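Q: Below is a structure I'd like to ask you about.
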Amino acid sequence: GGRDPAAAAAAVALLSTLHSWLGPVGGTASWENARLTRKLQEQLEDAVAVASGALPAWTAVLLTRAGFLFPLSTRLRHFHSTAFGTSRSVTWVQEQAGAGGGTGGGAEPGAAPG
């Protein structure tokens, strides 16, 4: 189970329709999905995939068709990671890593720049 793209597309379409009909019943956070958010955040932590534009297709599909499933902070992170091309993406990932927002890839604390 869980590998049928047609069933997944139908489920996303249904959720999107329900969201448009019902609106933020119980607040916007009631629509957010912690498991999907965690999976998307894991994908966004892969600096190589982000910088090369090689994120899985499901990330863009869900954010486009069912963005309400993710908190604003995660949607903004994806936007900043992908919206401005490869060069800006690399810069943004480096800035996040330098600010403690990423993992690995940075110089050791106190190390002289290259």
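Q: Quick one: compute a quarter of the convex hull surface over the Cα atoms of the stretch 24-77 and quote it in nm².
A: That works out to 3.6 nm².
Q: Of Ser16, Ser73, Ser52, which has the largest mean-square fluctuation in a 10 Å C-alpha GNM of the chain?
A: Ser73
Q: So how exposed is Leu76, as accessible area in Å² (1.4 Å probe, rounded to 10)?
A: 80
Q: When the expected Rg is taken as 2.2 N^0.38 Å, what fraction or multiple of it is the alpha-carbon Rg of the chain?
A: Compactness ratio reported: 1.26.
Q: With a 1.4 Å probe and every protein chain left in place, tell me how much accessible area Ser30 has, in Å² to the nearest 10.
A: 70
Q: Let me ask something additional. Out of every Cα-Cα pair in the stretch 1-49, what percent are more than 13 Å apart?
A: Counting every Cα pair in the stretch 1-49, those more than 13 Å apart make up 70 percent.
The values are calculated or read from the model by the stated rules, or taken from the named source; none is laboratory data. Since the model is a prediction, treat every value here as computed from it, not as a measurement. Note: areas computed on protein heavy atoms with side chains; ligands, DNA, RNA excluded. Shrake-Rupley method; radii C 1.70, N 1.55, O 1.52, S 1.80 Å.
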